[in-house]
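Take a look at the structure set out below.
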Amino acid sequence: EDKKLPDPSIIKEEILAKYPPKIARKRAKSMVVVDKSMDQEVQSNVRTIPGIITQRGCCYAGCKGVVLGPTRDIINLVHGPIGCSFYAWLTRRNQTDPGEAGPDGENFINYCFSTDMQDSNIVFGGEKKLKQAIQEAYDIFKPKAIGVFSTCPVGLIGDDVHAVSREMKEKFGDCNVFGFSCEGYKGVSQSAGHHIANNQLFKHVIGRDNTQPEGKYNINLLGEYNIGGDAFELDRIFELCGINVISTFSGNSNVTGFERSHTADLNLVMCHRSINYVAEMMETKYGIPWFKVNFIGGDATAKSLRRIGEYYEDPELIARIEEVITAELPSVKQAAKDVLKTTDGKLAMMFVGGSRAHHYQELFAEMGMTTVSAGYEFAHRDDYEGRKVLPTIKVDADSRNIEELKIEADPELYNPRKTKVELEDLEKNGLEFSEYKGMKNDMADQSLIVDDISHWEADKLIEYYKPDIFCAGIKEKYVVQKMGIPLKQLHSYDYGGPYAGFEGAKNFYTDIERMLSTSIWKKLKAPWLETGASDPCICAE
Ligand code: CFN
Ligand code: HCA
């Protein structure tokens with residue numbers, strides 16, 4: 001069925017008309033009607049306007065919850081009031097492989113570690129209490145590593161978590177203790193927390209263990225967080241291909257993997273937003289090249305595997321990858337066909353994080369569905385607009401003198417934020433660079449990109465587009481369903497998954513087909529409609 005789509009420019013205008021002029025002017029820059037014939041700037045990574053209800057989280061969430069959250073054998077000790085720790089306790093759907101619970105069997109993910117800061121600590125300082133908590137964690141669990149995470153009050157009172165961590169690390173001798181200044185208020189979203197987490201992992205953990213890998217093709221998988229078991233499915237595929245994963249960052253990860261990750265040939269980057277800093281620092285320091293991959297969708301998975309084969313230029317690996325694709329892809333295609341009757345021509349909207357609002361569009365497209373409007377919560381401009389990325393450095397140094405160039409040349413040459421002229425210089429030197437394409441590239445003309453969407457804007461988009469499915473998180477889920485639209489959580493997968501890789505794609509098709517097949521949400525009447533109010537925001541009490 002072909003739906004006639006509303007004009008996005010009119011929608012945008014009508015949404016903005018509700019705002020005071022100054023705010024409308026600001027928000028206008030974050031709402032872009034896609035026109036692929038020109039370069040378009042998508043305003044992003046800017047402060048949410050106070051008073052607007054955003055989907056975003058904080059710096060602490062990005063650091064402690066997202067990047068360090070899934071590592072099973074680091075004790076994540078939160079320095080702050082108990083609420084911050086309670087908030088982060090098992091709220092993100094990190095899965096660990098019980099059979100592989102760390103080299104020594106540790107898995108601390110289920111615990112909630114906090115200094116439980118009180119008023120008196122705010123007045124007199126909390127460092128003493130922090131030392132005590134680190135000591136206690138060490139005495140009870142004897143962990144390999146302890147990470148200390150600062151919450152907002154720590155930054156305000158000035159406790160030095162780094163000095164305390166250093167002191168305790170020296171005292172223990174056999175436990176790596178390091179701090180994160182990831183106070184929630186820093187930056188404008190989770191994104192600042194990702195960066196802080198990346199920096200500290202690089203400084204304190206990566207590269208500490210030089211044990212050489214035994215595999216023939218040794219990679220790290222960056223920006224994959226094992227939500228709903230995604231990493232287990234990807235492990236399965238890599239194993240079939242004969243590719244050895246030294247470490248993931250950071251789904252189903254452990255300290256040893258991080259410490260050895262610098263021995264890899266290649267870094268594959270799934271979620272560019274949260275981990276690009278590690279990829280770039282590892283390229284600069286260890287000469288490990290990276291490129292973007294996407295394992296969300298059958299075709300995307302096949303394409304990413306082929307890209308790995310191309311990188312190694314090894315006929316044996318290429319042949320094996322082709323075998324795996326031949327064995328796996330047909331059943332994925334069949335599964336997509338099987339749901340087409342229900343899914344074809346349906347409309348989706350997705351407002352999620354910093355990468356999934358892009359990656360999942362491809363999966364929906366495989367089901368014949370169109371993403372009419374999408375946006376990230378906390379992405380930066382390159383996640384929308386794309387950018388040229390570093391030259392691809394080959395493992396065999398003699399294929400081109402890139403390794404030498406890299407080490408000897410002006411290190412500035414390898415600065416990822418190169419100017420156009422520098423990129424041309426690189427090309428003249430015979431260096432390849434690839435382009436990282438952002439969300440806009442994969443969206444149709446006349447679709448609507450909205451960065452850091454507000455509650456009000458999402459409501460209006462639903463009213464205008466009447467999408468068949470809306471994808472977001474737990475904060476949006478029930479409001480959207482009360483509007484009669486099924487909501488798929490693309491953060492937690494609503495307790496489903498895995499959705500990555502070949503098997504994951506099949507799971508996704510069936511889950512979405514089910515959601516589109518039920519009319520239950522249309523039959524419900526939202527409480528605010530019962531009261532006669534037209535807008536959930538003015539629900540009569
Ligand atoms: S697992 Fe990732 S894929 S890390 Fe990031 S940008 Fe969050 S926690 Mo929620 S689901 Fe989401 Fe991405 Fe990368 Fe997850 S889209 S918001 S900070 N995200
Ligand atoms: C976070 C974590 C989150 C929240 C999900 C949601 C996640 O941003 O702190 O809002 O439903 O994926 O768990 O993104």
> Are any residues in segment 357-373 closer than 16 Å to Lys440 by Cβ and either within 16 Å of ligand 2 (Cβ to nearest atom) or assigned to a loop (DSSP other than H, G, I, E, B) (or both), and if so, which ones?
Replying inline: Ala357, His358, His359, Tyr360
> Restricting the search to segment 152-185, which residues are under 26 Å from Gly207 (Cβ atoms), within 26 Å of the chain's Cα centre (by Cα) and in a loop (DSSP other than H, G, I, E, B)?
Replying inline: Ser181, Cys182
> Looking at Glu476, Glu513, which is the one that is among the acidic types (Asp, Glu), surrounded by 15 or more Cβ atoms within 10 Å (Cβ to Cβ), farther than 26 Å from Gly354 by Cβ and modelled with pLDDT of 95 or more?
Replying inline: Glu513
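Identify, from the list Pro527, Pro467, Pro498, the residue that is at pLDDT below 95, at negative phi and not aliphatic (A, V, I, L, M).
Details: Pro467 fails: at pLDDT below 95; Pro498 fails: at pLDDT below 95.
Of the residues listed, the single one that is at pLDDT below 95, at negative phi and not aliphatic (A, V, I, L, M) is Pro527.
Give the residues of segment 229-258 that are in a strand (DSSP E or B), of a type in the set (A, V, I, L, M, F, W, C) and farther than 15 Å from Ser304 by Cβ, sorted by residue number.
Ile246, Phe249
Does Phe108 satisfy being within 18 Å of Leu68 (Cα to Cα), more than 16 Å from ligand 2 (Cβ to nearest atom), touching a strand residue (DSSP E or B) at 6+ places or on another chain (Cβ under 9 Å) and aromatic (Phe, Trp, Tyr)? Full working, then the answer.
Values: within 18 Å of Leu68 (Cα to Cα): yes; more than 16 Å from ligand 2 (Cβ to nearest atom): yes; touching a strand residue (DSSP E or B) at 6+ places or on another chain (Cβ under 9 Å): yes; aromatic (Phe, Trp, Tyr): yes.
Yes; evaluated as a whole, the condition is true for this residue.
Report yes if some residue within segment 340-355 is free of Cβ contacts under 8 Å to residues at least 12 places away in the same chain and over 20 Å from the mean Cα position of the chain (by Cα); otherwise report no. Let's see the steps before the verdict.
Taking segment 340-355 first, the residues free of Cβ contacts under 8 Å to residues at least 12 places away in the same chain are 341.
Narrowing further to those that are over 20 Å from the mean Cα position of the chain (by Cα): 341.
For segment 340-355, residues free of Cβ contacts under 8 Å to residues at least 12 places away in the same chain and over 20 Å from the mean Cα position of the chain (by Cα): present.
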>> Return the residues of segment 278-297 that are under 20 Å from Asn226 (Cβ atoms) and either part of a helix (DSSP H, G or I) or aliphatic (A, V, I, L, M) (or both); say none if nothing qualifies.
In response: Val278, Ala279, Val293, Ile296
> Condition test on Ile206, is it within 16 Å of ligand 2 (Cβ to nearest atom), at pLDDT 95 or above and at negative phi?
Replying inline: no
> Do you know which residues across segment 231-245 are crowded, with 23+ Cβ neighbours inside 10 Å and closer than 16 Å to Arg72 by Cα?
Replying inline: Ala231
> Which members of segment 145-199 meet the condition of being of a type in the set (Lys, Arg) and over 20 Å from Val278 (Cβ atoms)?
Replying inline: Arg166, Lys169, Lys171
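Can you tell me which residue is nearest to Asp265 (Cα to Cα) among those in segment 210-231 that are of a type in the set (D, E, K, R) and within 15 Å of ligand 2 (Cβ to nearest atom)? Steps first, answer last, please.
Filtering segment 210-231 for residues of a type in the set (D, E, K, R) gives 214, 216, 224, 230.
In the following step, the residues that additionally are within 15 Å of ligand 2 (Cβ to nearest atom) were identified as 224, 230.
Numbers: Glu224: 18, Asp230: 23 Å.
Per the criteria, the residue is Glu224.
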>> Restricting to segment 232-263, give me the number of residues that are of a type in the set (A, V, I, L, M, F, W, C), over 19 Å from the mean Cα position of the chain (by Cα) and more than 22 Å from Gly501 (Cα to Cα).
In response: 1
> So which residues in segment 313-336 are exposed (fewer than 13 other Cβ atoms within 10 Å of the Cβ) and over 30 Å from Gly215 (Cα atoms)?
Replying inline: Gln334
> If you scan segment 310-345, which residues turn out to be more than 18 Å from Glu233 (Cα to Cα) and aliphatic (A, V, I, L, M)?
Replying inline: Leu317, Ile318, Ala319, Ala336, Val339, Leu340
> Of Glu127, Glu106, which residue is at pLDDT 95 or above, surrounded by fewer than 22 Cβ atoms within 10 Å (Cβ to Cβ) and at negative phi?
Replying inline: Glu127
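Tell me, which helices (runs of 4 or more DSSP H) wholly within segment 1-119 include 1 or more residues that are more than 26 Å from Leu448 (Cα to Cα)?
Values: elements: 8-17, 21-28, 82-88.
The qualifying helices (runs of 4 or more DSSP H) are 82-88.
If we only count strands (runs of 3 or more DSSP E) wholly inside segment 430-495, which ones have 2 or more residues that are within 16 Å of ligand 1 (Cβ to nearest atom) and over 21 Å from Ile11 (Cβ atoms)? Walk me through it before giving the result.
Values: elements: 433-436, 448-450, 469-472, 487-489.
Where strands (runs of 3 or more DSSP E) fall fully within segment 430-495 and carry at least 2 residues being within 16 Å of ligand 1 (Cβ to nearest atom) and over 21 Å from Ile11 (Cβ atoms), they are 487-489.
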> Considering only residues of segment 479-510 that are out of contact with any helix residue (DSSP H, G or I) (no Cβ under 6 Å at 6 or more places or on another chain) and among the small types (Gly, Ala, Ser), which is surrounded by the most Cβ atoms within 10 Å (Cβ to Cβ)?
Replying inline: Gly497
> Looking at (1) in a helix (DSSP H, G or I); (2) within 16 Å of ligand 1 (Cβ to nearest atom); (3) of a type outside the set (S, T, N, Q), can you tell me which one Leu221 breaks?
Replying inline: (1)
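Residues of segment 297-312 being surrounded by fewer than 15 Cβ atoms within 10 Å (Cβ to Cβ) and either among the β-branched types (Val, Ile, Thr) or in contact (Cβ under 8 Å) with a residue 12 or more places away in the chain (or both), which ones?
Residues of segment 297-312 surrounded by fewer than 15 Cβ atoms within 10 Å (Cβ to Cβ): 306, 310.
The answer is Arg306, and nothing else.
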> Of the residues that make up segment 191-208, is at least one over 22 Å from the mean Cα position of the chain (by Cα) and in contact (Cβ under 8 Å) with a residue 40 or more places away in the chain?
Replying inline: yes
> Cβ-Cβ below 8 Å, separation at least six or inter-chain, first residue in segment 457-477 and among the acidic types (Asp, Glu), second within 8 Å of ligand 2 (Cβ to nearest atom) and at pLDDT 95 or above: which pairs?
Replying inline: Glu476/Gln55
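A quick yes/no check of all residues on (1) among the small types (Gly, Ala, Ser); (2) crowded, with 22+ Cβ neighbours inside 10 Å:
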| position | (1), (2) |
| --- | --- |
| Pro21 | no, no |
| Ala28 | yes, no |
| Lys36 | no, no |
| Thr54 | no, no |
| Val66 | no, yes |
| Gly80 | yes, yes |
| Cys84 | no, yes |
| Tyr111 | no, no |
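The values are calculated or read from the model by the stated rules, or taken from the named source; none is laboratory data. Please read all numbers here as calculations on a predicted model, not as lab measurements. Positions of Cβ are generated from backbone atoms using ideal geometry, with glycine treated the same way; all protein chains shown enter the neighbour counts.
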